[in-house]
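Asker: One structure, as structure tokens, below. Some questions next.
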Amino acid sequence: MQSEVQRARVLVVDDEPMNRALCKRLLSSEHDVLETVDGPSALALLQKQPIDLVLLDVMMPGMNGFEVCAQIKAAGRAGLSAGAVPDLAQRPGTGPRLGCP
């Protein structure tokens, strides 16, 4: 009898539909991917569903990725990894910054 491996649930938070679609395409073969368009909806979803990893866009209107990440960390979600990642189309001269403050 073969044991079924549980797929990790990844939440992609980005206000750009193209970025969400790209992340989903890259991750969905091995992970269950959920999407939201902003920080407040991500925080609400995290209270309702178990999530293993959160990928946050840094530059979102309203609440940016670092602010969302700080709130996730402050909530003390055990076992949850969250990181803010730069826009896929970065401005020239800016380097990537991963992780939370």
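Asker: Quick check on my filter: what residues within segment 1-58 are surrounded by fewer than 19 Cβ atoms within 10 Å (Cβ to Cβ), free of Cβ contacts under 8 Å to residues at least 24 places away in the same chain and either within 10 Å of the chain's Cα centre (by Cα) or under 15 Å from ALA75 (Cβ atoms) (or both)?
Answerer: Of everything in segment 1-58, those that are surrounded by fewer than 19 Cβ atoms within 10 Å (Cβ to Cβ), free of Cβ contacts under 8 Å to residues at least 24 places away in the same chain and either within 10 Å of the chain's Cα centre (by Cα) or under 15 Å from ALA75 (Cβ atoms) (or both) turn out to be PRO40, ALA44, GLN47, LYS48.
Asker: Among the residues of segment 72-79, is there at least one that is crowded, with 17+ Cβ neighbours inside 10 Å and at pLDDT 60 or above?
Answerer: Yes - at least one qualifying residue is present in segment 72-79.
The values are calculated or read from the model by the stated rules, or taken from the named source; none is laboratory data. This structure is a prediction, so every number in the text was calculated from the model and none was measured. Cβ: placed from backbone, ideal geometry, glycine included. Neighbour counts: every protein chain shown.
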